[in-house]
Amino acid sequence: MIDILAWDWNLRVAICDHAVTRPKARSLGLDYGRDFTIHGRVRAPREHRGKSIKVTLSPFGPKVRFGRGALQNVGKLTILPEGSVFEFEAVLMLPEAAIASTASSLASTWKHLQIKIHDVRPSGAEASAYFFQASIHPNLEAWANAD
């Protein structure tokens with residue numbers, strides 16, 4: 001569980017080599033995208049409490065598929081090397097259709113982000129789900145507030 005401290009909605013613009021530009025790119029030779037960057041502090045589990053994390057919500061379109069024969073995760077969590085600005089970094093996939101509601105809810109409602117991970121390794125883990133919350137659910141209070 002992560003306490004959301006700050007967030008930003010970034011615009012990225014880049015000139016691309018024609019050989020690698022997507023065939024149906026919006027503008028030939030120009031690639032752009034919008035993503036959300038969240039700065040947070042780990043609240044739980046207790047052994048990581050207080051550590052900093054940067055989370056990027058990366059939008060994807062309707063052609064991306066999940067499940068059997070397709071993507072098996074919605075993102076990944078990486079443990080960053082000592083001396084980095086953040087101690088953890090996560091990249092999570094966000095449906096393009098959810099961009100507007102995400103911006104509105106980050107600005108007004110959501111205070112916490114919970115990431116469900118699996119396949120934990122020394123370098124990080126895979127994310128199978130994530131949830132935004134305005135408040136901590138009573139069933140999770142003891143876990144989120146443990147000393």
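The values are calculated or read from the model by the stated rules, or taken from the named source; none is laboratory data. Quick caveat: nothing in here was measured; it's all calculated off a predicted structure. Note that we place each Cβ from the backbone using ideal geometry, even for glycine, and neighbour counts take in every protein chain shown. Side chains included, ligands, DNA and RNA excluded: accessible areas come from the protein's heavy atoms. Shrake-Rupley method; radii C 1.70, N 1.55, O 1.52, S 1.80 Å.
Quickly run through the stretch 28-58 and pick out the residues that are open to solvent by 50 Å² or more (accessible area, probe 1.4 Å) and at pLDDT below 80.
Scanning the stretch 28-58 gives Leu28, Leu30, Tyr32.
Inside the stretch 43-76, can you point out the residues that are in a strand (DSSP E or B) and either within 20 Å of Thr102 (Cα to Cα) or acidic (Asp, Glu) (or both)? Please lay out each step first, then the result.
Filtering the stretch 43-76 for residues in a strand (DSSP E or B) gives 52-60, 66, 71, 75-76.
Scanning the stretch 43-76 gives Ile53, Lys54, Val55, Thr56, Leu57, Ser58, Pro59, Phe60, Gly75, Lys76.
Please verify whether Ser84 is in contact (Cβ under 8 Å) with a residue 24 or more places away in the chain and among the hydroxyl-bearing types (Ser, Thr, Tyr), treating the condition exactly as stated. Write out each step before concluding.
Numbers: in contact (Cβ under 8 Å) with a residue 24 or more places away in the chain: no; among the hydroxyl-bearing types (Ser, Thr, Tyr): yes.
Taking the combined requirement at face value, the residue does not satisfy it.
Name every residue in the stretch 120-144 that is touching a residue at least 24 places away in the same chain (Cβ under 8 Å) and more than 12 Å from the chain's Cα centre (by Cα), in order of residue number.
Pro122, Ser123, Gly124, Ala125, Ala134, Ser135, Ile136, Leu140, Trp143, Ala144, listed by residue number.
Quick check on the stretch 70-85. Is at least one of its residues open to solvent by 40 Å² or more (accessible area, probe 1.4 Å), polar (S, T, N, Q) and modelled with pLDDT of 95 or more?
Yes, the conditions are met somewhere in the stretch 70-85.
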